[in-house]
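S.K.: Handing you a structure now.
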Amino acid sequence: MNLFQGLLDEIPLDSRLEQNNNHKPMLTINEAEIMYLLGLWSWPFLRIAGMVMAAPIIGTRAVPGRTRIILSLALCAAIVPHAPPPPAVVIFSPTGLLIAAQQLLIGAAIGLVIRLVFVVVELAGQIIAQQMGLGFASLVDPQTGLQVPVLSQFYIILTTLMFFSLEGHLVLISTLVDSFKIMPIGSTGIGREGLELIVDWSRTLFSGALAIALPIVVALLVVNLSFGVMARSAPQLNVFAVGFPVMILFGVFMIFLTLDTLEIHLRANFDAAFMVVREMLGSA
């Protein structure tokens, strides 16, 4: 032991440090690995950002852009480790740019399908407000920045509360996670069949807006006919002075009676919207 220690002492300290440094493994990352890591995070981020940009509630003007970016990054950090690996394509190549555009389109389509339910409810509120005589009572919608009737804003608030009560935000995130398995990252994305599904879904929803507003519109039409008969039988009666507040009160009463029907319509529309998203993703 003393002999070994003596030999070790004879070796200079600088030489021993140099030998130890030579045996340390060097961490090297080449350009191909950097491009792979960039695509591993960039392409899923584009799909998630597209969904957040077009989704209801979080994709509106009421939510600051910085908050949406932070939310997209958080979802990306949670989803990427569980998503299938992306293809080995250079991100700045023509194929890589095509993949990036496809991911942005897929995410925007997912958010748009769900957001159409809110647009339809807003349209139903506009139809009812016009029949009640409240079409002039409008305000700036903080979500879109447009002038909408107060009644439409009331229906949008109810739809938002229903969306959260049904855990629609969690189902939306779950659908986004499943989209990476149903339609993995690649050069193929939403095809013609998927776009036709979105168009057919929007047509069905706008007919659903009439279904929501139709009971109230028919009831208000009956009241209008009654006032028309009263005006013919009693010309001295000021129909406009009497009919206007009666129409508003009766419309509010009908809205209260049809809230249960609104809940049924919203449940059915949200369930159908998520089914359309999955069919759209599987149509590629």
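S.K.: Considering only residues that are part of a helix (DSSP H, G or I) and in contact (Cβ under 8 Å) with a residue 60 or more places away in the chain, which ones fall in segment 40-64?
M.R.: Trp43, Pro44, Leu46, Arg47, Ile48, Gly50, Met51, Ala54
S.K.: Given (1) under 18 Å from Val217 (Cβ atoms); (2) at pLDDT below 80, where does Val120 come up short, assuming only one miss?
M.R.: Single failed check for Val120: (2).
S.K.: Given the options Phe250, Phe256, Phe274, Phe270, name the one that is loosely packed, with under 12 Cβ neighbours inside 10 Å and aromatic (Phe, Trp, Tyr).
M.R.: Phe256
S.K.: Return the residues of segment 182-196 that are touching a helix residue (DSSP H, G or I) at 6+ places or on another chain (Cβ under 9 Å) and either surrounded by fewer than 20 Cβ atoms within 10 Å (Cβ to Cβ) or among the β-branched types (Val, Ile, Thr) (or both); say none if nothing qualifies.
M.R.: Once the filter is applied, which keeps residues that are touching a helix residue (DSSP H, G or I) at 6+ places or on another chain (Cβ under 9 Å) and either surrounded by fewer than 20 Cβ atoms within 10 Å (Cβ to Cβ) or among the β-branched types (Val, Ile, Thr) (or both), segment 182-196 yields Ile182, Ile185, Gly186, Ser187, Thr188, Ile190, Glu193, Leu195.
S.K.: Only one of these is in a helix (DSSP H, G or I), within 36 Å of the chain's Cα centre (by Cα), of a type outside the set (Val, Ile, Thr) and modelled with pLDDT of 75 or more: Leu225, Leu249. Name it.
M.R.: Residue meeting the stated conditions: Leu249.
S.K.: Sticking with this structure for a sec: Please go through (1) touching a strand residue (DSSP E or B) at 6+ places or on another chain (Cβ under 9 Å); (2) surrounded by fewer than 22 Cβ atoms within 10 Å (Cβ to Cβ) for Leu123 and return the number of the only condition it doesn't satisfy.
M.R.: Unmet condition: (1).
S.K.: Do we have Ile157 as among the aliphatic types (A, V, I, L, M), over 21 Å from the mean Cα position of the chain (by Cα) and modelled with pLDDT of 80 or more here?
M.R.: no
S.K.: Between Ile198, Ile190, Ile212, Ile248, which is closer than 16 Å to Gly133 by Cα and not charged (D, E, K, R)?
M.R.: Sole residue among the options that is closer than 16 Å to Gly133 by Cα and not charged (D, E, K, R): Ile248.
S.K.: Would you mind finding the one in Ser179, Ser152 that is of a type in the set (Ser, Thr, Tyr) and over 25 Å from Ser42 (Cβ atoms)?
M.R.: None of the other options fit; the residue is Ser152.
S.K.: Let me ask something else about it. Show the residue pairs that are 6+ apart or on different chains and have beta-carbon atoms under 9 Å apart, the first residue being within segment 188-201 and among the acidic types (Asp, Glu) and assigned to a helix (DSSP H, G or I), the second being modelled with pLDDT under 80 and surrounded by 12 or more Cβ atoms within 10 Å (Cβ to Cβ).
M.R.: Close Cβ pairs satisfying both conditions: Glu193/Ser283; Glu193/Ala284; Glu196/Ser283.
S.K.: Could you check Pro84 against (1) in contact with a Phe, Trp or Tyr (Cβ under 8 Å, 6 or more places away or on another chain); (2) under 24 Å from Val119 (Cβ atoms); (3) at pLDDT below 85 and say which number it fails?
M.R.: Single failed check for Pro84: (2).
S.K.: Considering only segment 65-91, state which residues are surrounded by 13 or more Cβ atoms within 10 Å (Cβ to Cβ), not in a loop (DSSP other than H, G, I, E, B) and not small (Gly, Ala, Ser).
M.R.: Arg68, Ile69, Leu71, Leu73, Leu75, Cys76, Ile79, Val80
The values are calculated or read from the model by the stated rules, or taken from the named source; none is laboratory data. Source: prediction; values computed, not measured. Here Cβ is always computed from backbone atoms with ideal geometry, including for glycine, and neighbour counts include all displayed protein chains.
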